[in-house]
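**Q** What follows is a single structure, and I will ask about it in a moment.
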Amino acid sequence: MRLGIFIGSFNPVHEGHIKIVNYLIDNNYVDKVLIIPSINYWNKQNLIELKHRINMLKFFESNNIKVDDKHNNYQYTYQLLRALKEEYNDELYLIIGADNAINLDKWEHIQELLTYKIIVLNRDNIDIKKYINKFNSNNFIVIPNFPFIDTSSTEIRHGNYTYLNNKVKQYILKHNLYKDKI
């Protein structure tokens, strides 16, 4: 089975994140997706507690979408993929955006990461091949011009709830999240 690995802060999860997951499953790039919210994603500031981010992601769980609540504290992606490889008998597909692919050569243990399939969601007409061709790897799967939803978690934390699922919005309001994180 092809298992997509989607790592991020998901602070909070929004419709853009879920659109990516559903697109990859619906278009047969992967069979399932494991969403892994990170405790400390690239030293991002103003993260709410991991338990809240996991709870909001759980609204989207299904037969094909699982939320991981035990592999959340790895500093580097290669460490996480090593652990998942030991645990799962599936073919692992790392899911990244073009913005991450641009700096892929700076990632820790990049040669090890290149042993996995890497799905790159391209956007904004970035010449992604310019960045991935230098690796001389056939493990990249580029999805050209993915129709991203033009929003960010930062906008949502500032009160623009346009691209939030209603359950996520209600959860944020009920728990008074992000009021002191802006």
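Here, each number is a calculation from the coordinates, and none is a lab measurement. The model shown is predicted, which means the values in this text are computed figures rather than measured ones. When we count neighbours, we look across all protein chains shown, and the Cβ atoms used for this are built from the backbone with ideal geometry, even at glycine.
**Q** Charges on Cβ only, +1 for Lys and Arg, -1 for Asp and Glu, centred on the Cα centroid of the chain; of ILE156, HIS14, PRO37, which one is farthest towards the dipole's positive end?
**A** Selected residue: ILE156.
**Q** Given Cβ point charges of +1 (Lys, Arg) and -1 (Asp, Glu) and nothing else, what value in debye, to the nearest 20, does the dipole of the stretch 2-174 about its Cα centre take?
**A** Here the size comes out at about 300 debye.
**Q** How big is the gap, in Å, between the Cα center of the stretch 92-130 and the Cα center of the stretch 1-46?
**A** 14
**Q** Exceeding 18 Å between C-alpha atoms, which entries from my cross-link table qualify? They are LYS85/LYS106; LYS51/LYS85; LYS70/LYS179; LYS19/LYS130; LYS19/LYS129; LYS58/LYS174.
**A** LYS85/LYS106; LYS51/LYS85; LYS70/LYS179; LYS19/LYS130; LYS19/LYS129
**Q** If r is the Cβ-Cβ distance from LYS167 to LYS70 and R0 is 35 Å, what FRET efficiency results, to the nearest 0.05?
**A** Efficiency, from the Cβ-Cβ distance: 0.90.
**Q** Starting from the Cα-Cα distance between LYS179 and HIS158, subtract it from 0.36 nm times their residue separation and give me the gain in nm to one decimal.
**A** Separation in residues times 0.36 nm, less the Cα-Cα distance, equals 6.7 nm.
**Q** Could you point to the residue in TRP107, ALA83, LEU57 farthest towards the positive end of the chain's charge dipole, with +1 and -1 charges on the Cβ of Lys/Arg and Asp/Glu respectively?
**A** LEU57
**Q** Test of understanding: what is the full-extension gain from ILE110 to ASP150, defined as 0.36 nm times their sequence separation minus their Cα-Cα distance?
**A** Between ILE110 and ASP150, full extension yields 11.5 nm more.
**Q** Further question on the same structure: List the chymotrypsin sites (Phe, Trp or Tyr not before Pro) within the stretch 1-100 that DSSP assigns to loop and that have no more than 11 neighbouring Cβ atoms inside 10 Å.
**A** Numbers: sites: PHE6, PHE10, TYR23, TYR29, TYR41, TRP42, PHE59, PHE60, TYR74, TYR76, TYR78, TYR88, TYR93; in loops: PHE10, TYR29, TYR41, TRP42, TYR74, TYR76, TYR88.
In loop regions of the stretch 1-100 (DSSP not H, G, I, E or B), the sparsely surrounded chymotrypsin sites (Phe, Trp or Tyr not before Pro) are TRP42.
**Q** If you filter the stretch 5-53 for trypsin sites (Lys or Arg not before Pro), then keep DSSP loop positions with at most 15 other Cβ within 10 Å, what is left?
**A** Here the trypsin sites (Lys or Arg not before Pro) that fit, given the DSSP loop and packing criteria, are LYS44.
**Q** Let me ask something else about it. Please state the relative contact order of the chain as a whole percent: Cα pairs under 8 Å, 6+ residues apart?
**A** 25
**Q** Now, a different point. What does the charge add up to near ASN165, with Lys and Arg as +1, Asp and Glu as -1, over the other residues with Cβ less than 12 Å from its Cβ?
**A** Result for the local shell: +3.
**Q** In addition: Over the stretch 46-118, what lengths in whole Å, largest first, do the semi-axes of the equivalent ellipsoid take, defined as the square roots of 5 times the eigenvalues of the alpha-carbon gyration tensor?
**A** Those come to 23, 16, 13 Å.
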